[in-house]
Amino acid sequence: MRRRARLLVTHVCLLLTIWAPPAMTSNASPAGPRDRLPVDEYVEAYRIFDMGRNGGLGYSESADAAQLGWGESYVLADYVYMWRVTGDASWLRKLRDHADALFASMSDHDGDGYSGWQTDRYSVALAEVAFAGEGAGLLDVQERISDIQAAHAVTGHTYRIAFGADGGYTVADTSTGERQSHPATDGALDGVPGVRIALRGAPRRGDTYTIHTTAVEPLEYLIHEGMLLHPIALFIEAAMAGEDEALRVDAQRYLGLMRDNFAPKWDRCWVEMPGARGAYAAPDSPAERTPGRVLPHNQYAMHAQAYSVLDPFLPSLRLGDRAHRMAENFRSHMRVAGNAYSWNYWDWDGGHSGPEDSSHAAINVGLVIEGARRGFVFDEGDASRVARTLLDIMWNGSLTAPNVGDRVDSAKGDTYFTLRRWSELAAYDPKVWDVCLAVFRQRGEPPADIPTMLHAQKGLADD
């Protein structure tokens, strides 16, 4: 019992250390009274909103990994924020209920021995042409269809294209028996859904081609799992430091899943890099958009954050080492821009995508914040520089008509900015709070943003 009490005190002290506001930095705004949101009023407003969202179930009943990763994960994170703001463990119990529903819906769709969630939303459809004779090369067939709408039109059927004497052609779906006739063309051929086919010459009567297509297939994505696992890891951390025995039992159960399922399932995709760096690559599947290539920064950054939280509870897995290596990899691609930082959405050997959009960038901002709070790779100076990215580069300078640019290197555009994670930079420069509060109010104070704003308010640097 005495040992357990010591462990409890240790975990509580750790949480208090992690969430204590940092000291003011030299480039922060002067301390002073700031406009605040009345906590009780906004907590109640969010509670009503949450219960009106599918009866309080959020998106936890979805079977689609994309919906879970880009929808339900935010609900889970918001419950963590609400617990931190209020100290009310009912928010942790709500997260537990959602997590149980999520874990119950997992499946091992590809028989690799690990369960997860799948989606076919981003999968690539395939097409292959077969022709025996002199007309080979007459048809230019798109082999990989990555456009989401076009890819989902691909049926997975086999088609036979036959040309007539007048240059017209018929397309027969050999899987269904359906047959279509088309007039002569010197450009694109129709009739194979989702597949772009171009004519590169003059066909002869009787020329026949076979097009084999492969429909999109469900895949599992590291990013979707990371988005879900990070708030669940924060639940584990909170429950293990708390006094609720039932929640601790749930946390231990989730730790077993982390140890036996989620941590090892992606080992085959781990890539070690020079300079104590590392990251995950996309699985080597033809249905992947970039099979075998190292993932965009935001897509591995969520696992870095989750692993940094889980490491003390699963030390034998050395998750902290992987978190450190992923953070080092992202840091190696950050560029100093005055008092700020800039970075790309994606860097790979021999190329990059260009500057990251502000929505996906929120995930990488979260990695910098977690590193600064937990003491790996990043520090308060780095977090302050990222705050300047928002204030010096992306923000238009107005609090009455605020706008934040679409990318981390520009104030242009008004499409992507999310308050999530960016607003937490108020802990390093309180001017961030002023900007985010102005955006929040300009947007009509959407209830979905209440947890984000209350959480940022709790960590204000001038508290």
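The values are calculated or read from the model by the stated rules, or taken from the named source; none is laboratory data. Predicted model only: the values in this text are computed from it and were never measured. With ideal geometry, Cβ positions are generated from the backbone for all residues, glycine too; neighbour counts draw on all protein chains shown.
For the stretch 177-197, the criterion of a residue being assigned to a strand (DSSP E or B), aliphatic (A, V, I, L, M), farther than 30 Å from Tyr254 by Cβ and without any contact (Cβ under 8 Å) to a residue 24 or more places away in the chain is satisfied by at least one position. A search for C-beta distances below 7 Å between a residue of the stretch 349-361 that is of a type in the set (D, E, K, R) and any residue that is part of a loop (DSSP other than H, G, I, E, B), counting only pairs 6+ apart in sequence or on different chains, returns Glu356/Trp343; Glu356/Tyr345; Glu356/Val408; Asp357/Tyr345; Asp357/Asp406; Asp357/Tyr416.
Going by the conditions given, is Tyr428 touching a His at 6+ places or on another chain (Cβ under 9 Å) and aromatic (Phe, Trp, Tyr)?
Working: touching a His at 6+ places or on another chain (Cβ under 9 Å): no; aromatic (Phe, Trp, Tyr): yes.
The answer is no for Tyr428.
In the condition set (1) outside any helix (DSSP H, G or I); (2) buried (at least 17 other Cβ atoms within 10 Å of the Cβ), Asp140 is compliant with all but (2).
Within the stretch 259-276, being in a helix (DSSP H, G or I) and surrounded by 14 or more Cβ atoms within 10 Å (Cβ to Cβ) holds for Arg259, Asn261, Phe262, Ala263, Lys265, Cys269.
Going by what's in this entry, would Thr174 be described as closer than 16 Å to Thr214 by Cα, in the same structural domain as Tyr209 (by TED's automatic domain parsing) and either touching a strand residue (DSSP E or B) at 6+ places or on another chain (Cβ under 9 Å) or not aliphatic (A, V, I, L, M) (or both)? Spelling it out, Thr174 is indeed closer than 16 Å to Thr214 by Cα, in the same structural domain as Tyr209 (by TED's automatic domain parsing) and either touching a strand residue (DSSP E or B) at 6+ places or on another chain (Cβ under 9 Å) or not aliphatic (A, V, I, L, M) (or both).
Examine the stretch 405-417 for a residue that is surrounded by 20 or more Cβ atoms within 10 Å (Cβ to Cβ), without any contact (Cβ under 8 Å) to a residue 40 or more places away in the chain, of a type in the set (Gly, Ala, Ser) and under 20 Å from Arg385 (Cβ atoms), and state whether such a residue exists. Checked against the condition, which is being surrounded by 20 or more Cβ atoms within 10 Å (Cβ to Cβ), without any contact (Cβ under 8 Å) to a residue 40 or more places away in the chain, of a type in the set (Gly, Ala, Ser) and under 20 Å from Arg385 (Cβ atoms), the stretch 405-417 yields no hits at all.
Report, by residue number, each residue of the stretch 421-439 that is in a helix (DSSP H, G or I) and closer than 16 Å to Ala362 by Cα. Please lay out each step first, then the result.
Start the filter on the stretch 421-439 by keeping residues that are in a helix (DSSP H, G or I), which leaves 422-427, 431-439.
Trp422, Ser423, Glu424, Leu425, Ala426, Ala427, Val432, Trp433, Val435, Cys436, Val439, listed by residue number.
The rows are residues; the columns are (1) part of a helix (DSSP H, G or I); (2) farther than 14 Å from His224 by Cα; (3) in contact with a strand residue (DSSP E or B) (Cβ under 8 Å, 6 or more places away or on another chain); (4) among the acidic types (Asp, Glu).
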| site | (1), (2), (3), (4) |
| --- | --- |
| Arg84 | yes, yes, no, no |
| Asp88 | no, yes, no, yes |
| Arg93 | yes, yes, no, no |
| Tyr114 | no, yes, no, no |
| Val129 | no, yes, yes, no |
